[in-house]
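Below: one structure, written as structure tokens.
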Amino acid sequence: TAKLVYVNYGVPKDYEVLDENGIDVKGKIVITRYGGSWRGIKPKVAAEHGAVGCIIYSDPRDDGYFQGDVYPKGAYRNEYGAQRGSVGDMPLHPGDPLTPFVGATKDAKRLSLKDAKTLTKIPVLPISYSDALPLLRALGGPVAPDSWRGALPITYHLGPGPTRVHLSVTFNWNTVPAYDVIARLAGSERPDEWIIRGNHYDAWVNGAEDPISGQVAMLEEARRIGELAQSGWKPKRTLIYAAWDGEEPGLLGSTEWVEAHADALKKNAVVYINSDSNGRGYFSAGGSHTLEKFINQVAQDVHDPEKKVSVAERARALRIFQSQGDDRKEARERSDLRIYALGSGSDYTPFLQHLGIASLNLGYGGEDGGGSYHSIYDSYSHYSRFGDPSFEYGIAQAQTTGRAMLRLANADVLPFEFSNFAETVGKYVREVIKLADDLRTETEEMNLKINNKTFELVADPTETHVIPPAKEPVPYINFAPLQNTLFYAPGFYTGYGVKTLPGVREAIEQRNWKEANEQVVVIAEALHRFSGYIDKATKVITAGSK
């Protein structure tokens, strides 16, 4: 029981504003609105500032009547909708909090609860804006800044108090099984090279959009591939399909499966393709930039069910419309649309961040309404009215990921392409140099130089469309030594949000110039090793193709 303080989105910069107003949250309960960062960051930062509890509510400005009609008239969150969700410190590591980096098998050694670093240190409760309203209305103290004010019919105050809140949260610490469902179709020529596909099936309450809209598309994709296999067809490489359990509490099913099979995956896994929610709208792709050109080619061959153009063409039109200046010029002229870098938030995380396996996260959305996320209103009724009423984008999803799986499975040479990757890393380098220039103090000097080399594979990635028969199998080259975690990782205070060149970038943001210089050396050495590895791989592939 303690006085209440309103902390806006509850991210580090919000506490700077509180300090400027002479407000200390030590010994207080904070109330924060959803948005601005991943929800798990909010209690983490609150606890670091001495708060004893955290309440998270959905403000109608961000997720309710300010955006449009609320459910059931419209898609947006009504006054009773509460967003559930994990608040574990997943930037440290996802998965079972008691078995970090070790598969949570029956006999695994487990930490005690008090030693689990990812468990939130203070009690947290999500509430609706109808429940938040009387708490916020009773707050005193300074009036909140303009940018802190939501859409509730009150004057937003910061506190502390005079509102006092009694927060009581019950925790269930049972250990129970998680059930991943794994299907495997052995490859005919290269069974030890695995193309892995996954989507989780657990949900907060009904989960029609998150995750069942993605799960049913994957099931249809797998069913059709199963029909091909029944007709006598076999993929050259092994296909593995996975329905993950326990994603919502902390990527449990995928992380523990990866940790339990890490040695085999390091040796055999080629690519992991993930999906999650799906809806009406635009094609979106994130992942390893060694696969950027490949997934652009796939998207060019899938037709948008509404606009009757390729989904790549429609995505480009959106990019042009939403961007300005140099970004708009690039959207018009660059041959490949940029894919976004992956931080965390879905089941690609252990594959990409822990093992460095090239990964993609694919889906559709942007015109599928809002307001049902992680609530009881994520129902079939809501989805069939606002998510994807014709279910045509579920078909588009299956067509997209299915094409990607089959082309990867049957390619004579895997379609990794390194010029896009090198160009993207160069872009990240320019960003961190500018960041360093912007933040450098008068007394600190540093120099960021990474020698960019364009990596180009001899094989033409377009061969994945029609694979000519090869006289001899081309040897598989495992590109896991790229160490993707050096280039993409979730930030310590961004949660799902990615930090590119994270070691360098976060050191600069913290003005830790010594660590920044150390991380520059790590990145440069990794790129140098990888350059040599590509040269070696090119010789192997060239020899195998003759």
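The values are calculated or read from the model by the stated rules, or taken from the named source; none is laboratory data. From a predicted model like this one, the values you see are computed outputs, not experimental measurements. Note that we place each Cβ from the backbone using ideal geometry, even for glycine, and neighbour counts take in every protein chain shown. What goes into the accessible areas is simple: the full protein's heavy atoms, side chains included, and nothing from ligands, DNA or RNA. Shrake-Rupley method; radii C 1.70, N 1.55, O 1.52, S 1.80 Å.
Overview of results
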item: Unique match (being within 26 Å of residue 371 (Cβ to Cβ) and within 23 Å of the chain's Cα centre (by Cα)) among 288, 284, 323; result: 284
item: Residues satisfying the stated conditions in region 317-346, i.e. among the acidic types (Asp, Glu) and part of a helix (DSSP H, G or I); result: 326, 327, 330, 333
item: Hits in region 18-51 - residues which are aliphatic (A, V, I, L, M) and under 29 Å from the mean Cα position of the chain (by Cα); result: 30, 31, 41, 45, 46, 47, 51
item: Residue match in region 116-128 (condition: part of a helix (DSSP H, G or I) and closer than 23 Å to residue 85 by Cα); result: no
item: Matching residues, region 46-67, being in a loop (DSSP other than H, G, I, E, B) and open to solvent by less than 20 Å² (accessible area, probe 1.4 Å); result: 51, 58, 59, 64
item: Residue selected from region 389-431 under the condition of a type in the set (Ser, Thr, Tyr) and open to solvent by 10 Å² or more (accessible area, probe 1.4 Å), by the criterion modelled with the lowest pLDDT; result: 428
item: In region 260-316, the residues that are outside any helix (DSSP H, G or I), among the basic types (Lys, Arg) and free of Cβ contacts under 8 Å to residues at least 24 places away in the same chain; result: 307, 308
item: Members of region 71-128 that are aliphatic (A, V, I, L, M), open to solvent by less than 50 Å² (accessible area, probe 1.4 Å) and touching a residue at least 12 places away in the same chain (Cβ under 8 Å); result: 75, 82, 87, 90, 98, 104, 116, 119, 122, 124, 127
item: Tally of residues being in a helix (DSSP H, G or I) and farther than 15 Å from residue 121 by Cβ across region 30-45; result: 0
item: Every residue from region 504-523 that is open to solvent by 20 Å² or more (accessible area, probe 1.4 Å) and either out of contact with any Lys or Arg (no Cβ under 8 Å at 6 or more places or on another chain) or at pLDDT below 75 (or both); result: 509, 510, 511, 512, 514, 515, 517, 518, 519, 521, 522
item: Cross-chain or 6+ apart pairs with Cβ under 8 Å, region 140-166 first and among the hydroxyl-bearing types (Ser, Thr, Tyr), then open to solvent by 50 Å² or more (accessible area, probe 1.4 Å) and outside any loop (DSSP other than H, G, I, E, B); result: 155/143; 156/143; 163/3
item: Subset of region 524-537 (residues that are open to solvent by less than 70 Å² (accessible area, probe 1.4 Å) and either in contact with a helix residue (DSSP H, G or I) (Cβ under 8 Å, 6 or more places away or on another chain) or not in a helix (DSSP H, G or I) (or both)); result: 526, 527, 530, 534
item: Unmet criterion (only one of (1) in contact with a Ser or Thr (Cβ under 9 Å, 6 or more places away or on another chain); (2) surrounded by 22 or more Cβ atoms within 10 Å (Cβ to Cβ)) for residue 150; result: (1)
item: Subset tally (residues that are within 24 Å of residue 39 (Cβ to Cβ), part of a helix (DSSP H, G or I) and out of contact with any strand residue (DSSP E or B) (no Cβ under 7 Å at 6 or more places or on another chain)) for region 228-257; result: 6
item: Single residue of 299, 264 found to be more than 16 Å from the chain's Cα centre (by Cα) and surrounded by fewer than 18 Cβ atoms within 10 Å (Cβ to Cβ); result: 264
item: Residues of region 347-388 that turn out to be in a helix (DSSP H, G or I), open to solvent by less than 10 Å² (accessible area, probe 1.4 Å) and either closer than 30 Å to residue 290 by Cα or among the charged types (D, E, K, R) (or both), as a count; result: 4
item: Of all residues making up region 12-45, the number that are within 20 Å of residue 509 (Cβ to Cβ), open to solvent by less than 10 Å² (accessible area, probe 1.4 Å) and basic (Lys, Arg); result: 1
